[in-house]
Structures are given as structure tokens and as C-alpha cells.
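One structure is given here, and the rest of the page talks about it.
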Amino acid sequence: MILTLPDGSTRTFASPVTLAEFAQSIGPGLAKAALAGKIDDQLVDLSTRIEHDARVSIVTDRDAEGVDVIRHSTAHLLAYAVKSLFPDAQVTIGPVIDNGFYYDFSYKRPFTPEDLLAIEARMSELARRDEPVVREEWDRDTAVGFFKSIGEHYKAEIIASIPAGEPIGLYREGDFIDLCRGPHVPSTGKLKVFKLMRLAGAYWRGDSNNEQLQRIYGTAWARKEDQDAYLHMLEEAERRDHRRLGRELDFYHFQDEAPGLVFWHPKGWTLWQQVEQYLRGIYRDNGYLEVKAPQILDRTLWEKTGHWDNYREAMFTTESENRSYALKPMNCPGHVQIYKSSLRSYRDLPLRFGEFGQVHRNEPSGSLHGLLRVRGFTQDDGHIFCTEDQMADECTRFTEVVQQVYRDFGFTNILYKVALRPEKRIGDDAIWDRAEGALIESLQRSGVEVVLSPGEGAFYGPKIEYTLKDAIGRMWQVGTMQVDFSMPGRLGAEYVAADNTRQVPVMLHRAIVGSMERFVGLLIEQFAGALPVWLAPVQAVVASITDAQSDYVANVAQTLRSQGLRVDADLRNEKINLKIREHSLQKVPYLLVVGEKERQAGTLAVRARGGVDLGSMTIAEFTARLASEVHTRSDP
């Protein structure tokens, strides 16, 4: 039997061996580090026997799959600990998720934070025992009978749904046994770094008609320093949470009478306007014609686009005079109608439309999340009508635009992904080849690294996804460039070609920041509320020390406002230290303190954000400084 290693070398065995034995044959160091293995690219337990020629590799905690195995095994360790402390609890499912795992339980009373501490302590105790984790295979009916006999009715239900004749994989560690496909670590001693995070509710099988279970979330890692870094990132994320900062900085609020819809306050709307006006300039400089389409469109139009049949549950609908309408969940059909309003020639193409279009989507209430997931939002939506030959040039140009925009907003780390054809799609392979090739070529022209994602494109065309890494390493998919072969033809869009034939244009859906609400939320978190001067709703506050400076302070504030700067005057009869503290908490970039010395000299005592004392400046000097920082989009 010949086994081929990842580096192409081979080892020969006279008889079948387990993956653990294979690892030992390479060296004791690898055998000790091994967590699982792969046989012909299939991830399996170390106890799996290799009985034929195969490609084989050993998975350790340095591999992404190894960390997933640790997390999956830690979920089972959690269930083991819960059952040992709360024997009447029933276990249900416990999958791996990003950065950790969870397990759902049915129990007669709610778990408490004190319970979590006890469970985590028991997990550590069980891990120190270093008990073997052993895979067993049972027939279905025997497994169903066993789990019913020990009161695990959820497990019995899961197993009963598996087709008859399929072997049932079970894992035993100590006196705990659980259903799982695996693989798992060879023993509990491999699980050294984990932490239980929080409790939540979850319905059995995701159906609100079923019992609500208790979900315990946890995180697990190969190394303590990795977990420490992750926990620090969570602390930073909490400090930067736009929902908390939005309240503290008086930007916006939500309320029950309008779930998933934003009430913008003056400061928040000022921030919004800075983003929108900046993007409007980008549109103007790059040949976009700004348009505005209706909010409500007749059902028949949504039937033509396919949304009524495939997206209706997410659409808000209404009726008037025996006609059915829908609030638009997207802007593209409206832009096609504007395109169709005139006879277009190939000489008119590419034709670029842009709209700050408000859309509404009936998102489930449980998925709403501050500004990041709402029911009503505004897209910086654009559509380019072009010929096939123009696709690559338009995509290349768009990538240059988004790079400039993201850089101006403080994002310099961008991931470029091309989502390729899904299994279910329209159009022949030749069209898909050309469209995918145009997107990939456009990114290659831009000199960026391209990640290909097979099967993740829309049914009507491939797309580029632009993903940003924020200040604490989180990834946010923001912009898109999407090829659409379907909608223009469905809605009757045409152009007159050079040979006088009528042709259907290619439609490129593109967004730079996507949802404006979401992008504002990302900006708040990126800067932890301390927005750069050009975006800050209030760029400076002029504060008096006593009432004697009130007239001078008011005049200074008005002078700065007349220069187009966003400046407030604080004339309250309060101590200056209180004023300084309050405006510092509001993260205002500049505080201009005026006492009697400043009033008489016609100057300002300038403090930059963070308590930096910049000394005395004339009004003209400060105006020039602030105007320069706004122009260059820099910060104090």
C-alpha cells in the first residue's frame, strides 16, 4: 500500500494502518501534534484505517481544519460537562461557528452566569483527565432506542430522521456519548484553550412553534495568545459598538413604532450628509448621471423581474384602487425604466446612472442589528448600461474609484473576490466565460490579488465583491460590481447597434459603500466615534470661561461658520473643566477655550482631541488649519 504525502513523497506499508500509526511512522513529534487527518482530501479521525493507496496528510493545530476540529470537540466537551452537572438536561446540536462553537440544551430552568462558570470549570477538569475520544458506529434503530432510554429525545429524533441503513456515528468520552459525524481530537487533553462566552435562546430546528432551547456560546483556540487576541478584539468591538456610540454621541435612535428604521438626529444626519455629498462628487467626476426613481412600483413590474415570485416575502406590499404595489427592495428596475424612456444608440453607451435610492426589505426582526441590518436603507446605487466589449473597461475604472473612496474614508486593506457561476443559472457557458473573464481581467489590470469563489455568483451573472478590513481586523463586504444578463432583456431594454439592429445592453449593478446606513455604522466603529475632522458633525466648539467672553465667543463661532466650518458655541454658565470634559466625551476634534486674555488679544486657546494643547492661535490661523485638514481629509 503506497501513501502519498502532501510534498509528493511516498511511504509504503505492507498492511493497513491507522492515521495515528501513519503519523508515528513519520516521527514522534508529528504523532504528538496530530489532531486528525485527511485521506484523499476527506477529513477523518486519527483512528481511521487506511486500507488502499491514497493521498494522506496529518492535521495539526497549525492548520485551519485543526482549529475547527478543536472547536467541534470543545462543543462536545461542553455537552459532556453540562450532562455531568445537570443530568436532566437534554443535548441537541452543537456546531462550529466563526471563532468558536455553540451547543443548544433543553433544561427545566434557565442557566445563569454562575452556571456558566461552573460548566467551564468542569470542562477544564474533564480536559485534564485526557480521556480518549472514541468513535463507534451503531445501526439507526439501536441508536434511537438507546437515546430514548436515557431521556435524550432530541437526539433520538435527529437519528430517526436519518435514512435506514446508514451507519450512525457516535463518539464516546468517559461516560458521555454523543451523535456526530466527526472528526474529533483523539483525547480530551488536546483541548486546553477555551472560554464560555454567553447565553442565548434558540428554537428547536429554528421554528418558533417549537420549544425554546438554551444556547451556550463558547470560543476555543489552539494557543492562549490567539484566544487572548480574540478576546481583546471583542473588547475593542464593544468599545467601538456603533449602537452604544450612536446613543452617546446623539447621532440617531430606533424605537418600537418603526422597527428596523432609523430616526436620524441632527448630528447623525450631518455625518450622513458628509458621506453622501462626498459620494455625489465621486459620481459627478466619473461620468454618472444622478437619477431618482419612484418608491412604489406596480406588481406587474416586479413579476417581470422575477422578484414577485422569488423575493415577495421580503417585500412590503400595499394596494390602491384594486392594484397591487410593492415598496422597492432595490433600485435596478426603476433605472431600466429611465433607460427605456428614450431610444438609445450604441453611441450613448456606456450610460451610467446613479441614485441614492431608499429601499425597504422585510428583514426578520431577529436579524436586525443597529445600522448594520435595517429594514429601510439607502443605497449608493448605480447601474451601467454598456456593450459586452465595454465590460472589462468599466469594471477596471470602477475598481480604481472604490480604491480612492475607501482610502479617503480610512480603509486601506481591501479583499477582492470574484463570485463565479452557480449551479442554477441562466445563460449559456460562453456568456458566463466572457463575463467572468471580464471581471477577472479588470482586477488583474488593477494589479490586485484576486480570490475566486466558485458557485457564489447570482443566477443571472458573476460579481466582484469588495471587502474591507477595519481597524481591529474585522472584514466587511461593502461594494459590488455585478454583471446582469437577465433584467435588461426581461424589461425590454435595447439599444440600436452600429448595424442598425436592436441589441440588449449588459447591465452592471455597482455600489461603492452599499447601504449608507451600514457604512455610517462601520465608520463610527472604524474610528470609535472619533471621526476625522472632515466627517465630524461638530468640528470645533468655542467655549467661554465666564460670561464676560460671551459676545466674543458668539462672534468667533459665527466667523468660523461663515467659512463653511461646523462650529458650536458653549456659553453655559458652567466651569470650563466641565465643558472640556463633556466635549471630550463627545469626541469633538477641537475645543477653543476663550478667557479674558484671549478676548482682549483676539485669539483662541486651542486644544485638539485627546487633550493635546496646541497653544494660542488667531482666528485666521485656526481657520486655515481646520480648512486644510478638511481639504486633505486629515485629522488633528
For segment 404-499, diffusion coefficient by Stokes-Einstein and Kirkwood Rh (Cα), 4 °C, 1.567 mPa s, µm²/s: 87
Tail fraction, Cα-Cα pairs, segment 59-151, threshold 23 Å, whole percent: 32
Inter-label distance for TYR107 and HIS369, nm, one decimal - labels placed 7 Å from Cα along Cα-to-Cβ: 2.6
Hits among aspartates and glutamates - C-alpha to C-alpha of LYS417 under 16 Å, sequence gap 8 or more where chains match: GLU400, GLU436, GLU441, GLU449, GLU456, GLU465
Label-to-label distance, nm, for residues given as VAL134 and GLU157 (7 Å Cα→Cβ offset): 3.1
Shape call, segment 179-276: gyration tensor on alpha carbons, a/c limit 1.5: oblate
Potential extension, ARG239-HIS253 segment - 0.36 nm per residue separation minus Cα distance: 3.2 nm
Whole-number percent relative contact order across segment 499-630, with pairs defined as alpha carbons under 8 Å at least 6 apart: 23
Rg(Cα) / (2.2 N^0.38 Å) computed for segment 415-561, rounded to two decimals: 1.65
Over segment 38-80: Kirkwood hydrodynamic radius from C-alpha pairwise inverse distances, Å: 11.5
Calculated SAXS-style log₁₀ I(q)/I(0) at q = 0.21 Å⁻¹ - segment 17-104, Debye, Cα scatterers: -0.95
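Order of TYR80, TYR325 from fewest to most other C-beta atoms within 10 Å? The partial results should precede the final answer.
Values: TYR80 24, TYR325 20.
If I rank by nearby Cβ atoms, fewest first, I get TYR325, TYR80.
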Prolate/oblate/rounded label for segment 351-424 (Cα gyration tensor, a/c 1.5): prolate
Listed peptides 39-51, 512-524 by packing density, highest first (mean Cβ within 10 Å): 512-524, 39-51
Estimated FRET transfer efficiency when R0 is 30 angstrom, pair ASP298-ARG502 (beta carbons, to 0.05): 0.75
DSSP-assigned coil residues among trypsin sites (Lys or Arg not before Pro) in segment 544-636, each with at most 11 further Cβ atoms within 10 Å: LYS575
Reported label for calculated Cα extents along the principal axes in Å given [x] 76, 50, 50; [y] 91, 76, 59; [z] 94, 91, 56: [y]
Long pairs among LYS292/LYS463; LYS83/LYS224; LYS328/LYS469; LYS38/LYS155; LYS108/LYS148, criterion Cα-Cα beyond 20 Å: LYS292/LYS463; LYS83/LYS224; LYS328/LYS469; LYS38/LYS155
SER341-TYR311 pseudo-label distance in nm [points 7 Å out on the Cα-to-Cβ vector]: 2.1
FRET efficiency estimate (nearest 0.05) - Cβ-Cβ, ALA554 to GLU423, R0 51 angstrom: 0.15
Between helix 113-129 and the chain: long-axis angle, C-alpha atoms, 0 to 90°, nearest 10: 40
Chain lengthening between ALA54 and LEU578 when straightened (0.36 nm per residue, less Cα-Cα): 181.3 nm
Dimensionless Rg ratio for segment 541-586, taking C-alpha atoms and the 2.2 N^0.38 Å reference: 1.13
With Cα atoms, 0 to 90° folded angle of helix 266-285 axis to the chain main axis: 90
Cα-Cα P(r), segment 435-489, percent of pairs per 5 Å interval: 4, 16, 24, 25, 17, 9, 4, 1, 0
Separation between Cα centres of segment 490-523 and segment 19-69, rounded to whole Å: 49
Charge dipole magnitude, Cβ of K and R +1, D and E -1 - the chain, Cα centre, debye nearest 20: 1160
FRET E, pair PHE459, ARG181, Förster distance 30 Å, beta-carbon r, rounded to 0.05: 0.50
About the Cα centre, charge dipole magnitude for segment 100-227 (Lys/Arg +1, Asp/Glu -1 at Cβ), debye: 400
Stretch gain in nm, segment ALA430-MET475, where the contour uses 0.36 nm per residue and the Cα spacing is subtracted: 12.9 nm
Shape category assigned to segment 163-227 from the gyration tensor of Cα positions, a/c cut at 1.5: oblate
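Throughout, read-outs are computed from the coordinates displayed, never taken from laboratory work. As the structure is a prediction and not an experimental result, all values here were calculated from the model. When we count neighbours, we look across all protein chains shown, and the Cβ atoms used for this are built from the backbone with ideal geometry, even at glycine.
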